[in-house]
Amino acid sequence: MAQVPVLDAKAVLAAVSPAEAIERTRLAFERHAVGEWAMPPKVYLDSPPNGDFRAMPARGEGFALLKWVTSFPHNSERGLPVVTGALLLSDAVTGELRAIMDCASITSLRTGAAAAVSAQVLAADGARSVGMIGCGVNGAWAARCLAAAGYGFGVCADTRPEPAGALAAELGWRVGARSEAAAQDLVVTVTPAEQAVILASDLRAGQHLAVLGADVRGKCEVELAALQRCRLFCDEWQQAAGGGELAGAVADGVVTRDRVTQLGDVIAGRSEGRRSAEEVTLFDSTGLAIQDLGIATAAYEAWREGRVEAVEVGL
Ligand SMILES: NC(=O)c1ccc[n+]([C@@H]2O[C@H](COP(=O)([O-])OP(=O)(O)OC[C@H]3O[C@@H](n4cnc5c(N)ncnc54)[C@H](O)[C@@H]3O)[C@@H](O)[C@H]2O)c1
């Protein structure tokens, strides 16, 4: 019976640093944009009124994966994780299962890394300061990845003082009001909010916004008037139009496909990124299975090279 390693959250986070997560995520966007990696649409399974499950497949670099993951936004009120589940990594040549991994850690690394990649690709020259709105699990990883990419000083805002305080203390940043965070060069939102946390009155020339919280229809972090002032980018059009920050504006016909550029196309040199120092750029991240594949293959390599340990199971 073949033995399969089970990488828990600790092993994944020991295996893949924020800096490596950024590199792997950038590569994933590029490979997908040029058609080397495959990613069928993710499947949502609602679990009303609590949240939803997602099944996310991808193939590339000799591997295939399936991530089975939740978004249960009210779980934090119950002291439970919003994002939880497991990831299966298989050999794309033989079909054999190669690893089982915790998916919350992989999700956090690739979500945080996507914010950093979007900043590297789209932020104005000299952009440094970071405003975090939402400092929970994935907000904290976005901040860590931005710090690893050399961004900061930062302002941490959250409706709960504890996570904002803890993140600010960890990174040597400071706690501030939402409006202070929204005034920084880079503004990253990672809340489950259904009401805007970025208003049109917050925007100033040259900012880059990475909006990560809205990953299913109904969530919304940016006021429509603010959205309309931005040059729009997303991770993947179908996902963003169907369930991301852009979904409401797309459904209302305010935003159309020709107004939105996929980040991978900019990385691959197929589309234009920022056009001026004044432009406000907005990256709508919904979270892609190709990003998970980038991180999962890095974690698997670390295990194979003996850099992290994992329990092995026979199935
Ligand atoms: N785009 C992606 O790839 C991606 C990946 C993972 C999670 N998400 C989404 O990001 C959101 C956050 O996930 P998480 O795991 O970090 O959850 P979390 O519960 O750990 O953190 C959310 C934080 O947002 C804060 N918050 C809530 N409303 C706020 C508001 N109006 N202003 C400021 N702060 C506010 C909460 O107090 C909490 O600290 C969820 O909606 C989740 O579905 C997106």
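The values are calculated or read from the model by the stated rules, or taken from the named source; none is laboratory data. All values reported here derive from a predicted model rather than from experimental measurement. Here the Cβ positions follow ideal geometry from the backbone for every residue, glycine too, while neighbour counts run over all protein chains shown.
Screening residue 46 with (1) over 18 Å from residue 137 (Cβ atoms); (2) touching a residue at least 12 places away in the same chain (Cβ under 8 Å); (3) in a strand (DSSP E or B) gives one miss only, at (2).
Counting only strands (runs of 3 or more DSSP E) wholly contained in segment 218-315, the ones carrying 3 or more residues that are of a type in the set (A, V, I, L, M, F, W, C) occupy 231-234.
Sort out which residues of segment 153-188 are within 22 Å of residue 121 (Cα to Cα), out of contact with any strand residue (DSSP E or B) (no Cβ under 7 Å at 6 or more places or on another chain) and small (Gly, Ala, Ser), and write them in order of number. Residues satisfying the conditions do not exist here. Looking at segment 293-310, is at least one residue closer than 30 Å to residue 125 by Cβ, under 21 Å from the mean Cα position of the chain (by Cα) and within 16 Å of the ligand (Cβ to nearest atom)? Yes, because at least one residue in segment 293-310 is closer than 30 Å to residue 125 by Cβ, under 21 Å from the mean Cα position of the chain (by Cα) and within 16 Å of the ligand (Cβ to nearest atom).
Of the residues 126, 139, 112, 131, only one is assigned to a loop (DSSP other than H, G, I, E, B) and not aromatic (Phe, Trp, Tyr); which? Don't jump to the end; show me each part of the working.
Working: 139 fails: assigned to a loop (DSSP other than H, G, I, E, B); 112 fails: assigned to a loop (DSSP other than H, G, I, E, B); 131 fails: assigned to a loop (DSSP other than H, G, I, E, B).
Exactly one residue qualifies, and that residue is 126.
Among the residues making up segment 151-181, those that are over 27 Å from residue 72 (Cβ atoms) and in a loop (DSSP other than H, G, I, E, B) are 151, 152, 153, 172, 173, 176, 177.
Only one of these is of a type outside the set (A, V, I, L, M) and farther than 22 Å from residue 220 by Cα: 112, 51, 95. Name it. Let's see the steps before the verdict.
Values: 112 fails: farther than 22 Å from residue 220 by Cα; 51 fails: farther than 22 Å from residue 220 by Cα.
Just a single option satisfies the conditions, and that option is 95.
Of the residues screened, residue 102 is one that is at pLDDT 95 or above and touching a helix residue (DSSP H, G or I) at 6+ places or on another chain (Cβ under 6 Å). Restricting 205, 225, 241 to residues that are in contact with a strand residue (DSSP E or B) (Cβ under 9 Å, 6 or more places away or on another chain) and of a type in the set (A, V, I, L, M) narrows the list to 241.
Condition check: crowded, with 24+ Cβ neighbours inside 10 Å and modelled with pLDDT of 95 or more. Does residue 139 satisfy that?
Numbers: crowded, with 24+ Cβ neighbours inside 10 Å: yes; modelled with pLDDT of 95 or more: yes.
Yes, satisfied.
For segment 182-198, residues that are within 12 Å of the ligand (Cβ to nearest atom) and assigned to a loop (DSSP other than H, G, I, E, B) total 9. Residues in segment 2-22 that are under 14 Å from the mean Cα position of the chain (by Cα) and charged (D, E, K, R): there are none. Determine whether residue 53 is of a type in the set (Phe, Trp, Tyr) and not in a strand (DSSP E or B). Judged against the criteria, residue 53 is not a match. Residue count for segment 74-105, restricted to those that are near the ligand (Cβ under 10 Å from one of its atoms), assigned to a helix (DSSP H, G or I) and either surrounded by fewer than 19 Cβ atoms within 10 Å (Cβ to Cβ) or among the hydroxyl-bearing types (Ser, Thr, Tyr) (or both): 4.
If you go through segment 199-212 one residue at a time, how many are in contact with a helix residue (DSSP H, G or I) (Cβ under 8 Å, 6 or more places away or on another chain) and either near the ligand (Cβ under 8 Å from one of its atoms) or part of a loop (DSSP other than H, G, I, E, B) (or both)?
Within segment 199-212, the first condition is being in contact with a helix residue (DSSP H, G or I) (Cβ under 8 Å, 6 or more places away or on another chain), and the residues that meet it are 199-200, 202-203, 208, 210, 212.
When the remaining residues are screened for being either near the ligand (Cβ under 8 Å from one of its atoms) or part of a loop (DSSP other than H, G, I, E, B) (or both), the result is 199, 203, 212.
Total meeting the criteria: 3.
Say we look at segment 224-254 and pick out the residues that are within 26 Å of residue 145 (Cα to Cα) and of a type in the set (Asp, Glu); which of these is surrounded by the most Cβ atoms within 10 Å (Cβ to Cβ)? In this case the residue turns out to be 245. Looking only at residues in segment 106-164 that are in contact (Cβ under 8 Å) with a residue 60 or more places away in the chain and of a type in the set (Val, Ile, Thr), which one is farthest from the ligand (Cβ to nearest atom)? Ranking the candidates gives 121 first.
Consider segment 28-38. How many of its residues are of a type in the set (A, V, I, L, M) and buried (at least 22 other Cβ atoms within 10 Å of the Cβ)?
We begin by selecting, within segment 28-38, every residue of a type in the set (A, V, I, L, M); these are 28, 33-34, 38.
Right, trim to buried (at least 22 other Cβ atoms within 10 Å of the Cβ) and you get 28.
Residues in segment 28-38 being of a type in the set (A, V, I, L, M) and buried (at least 22 other Cβ atoms within 10 Å of the Cβ): 1 in total.
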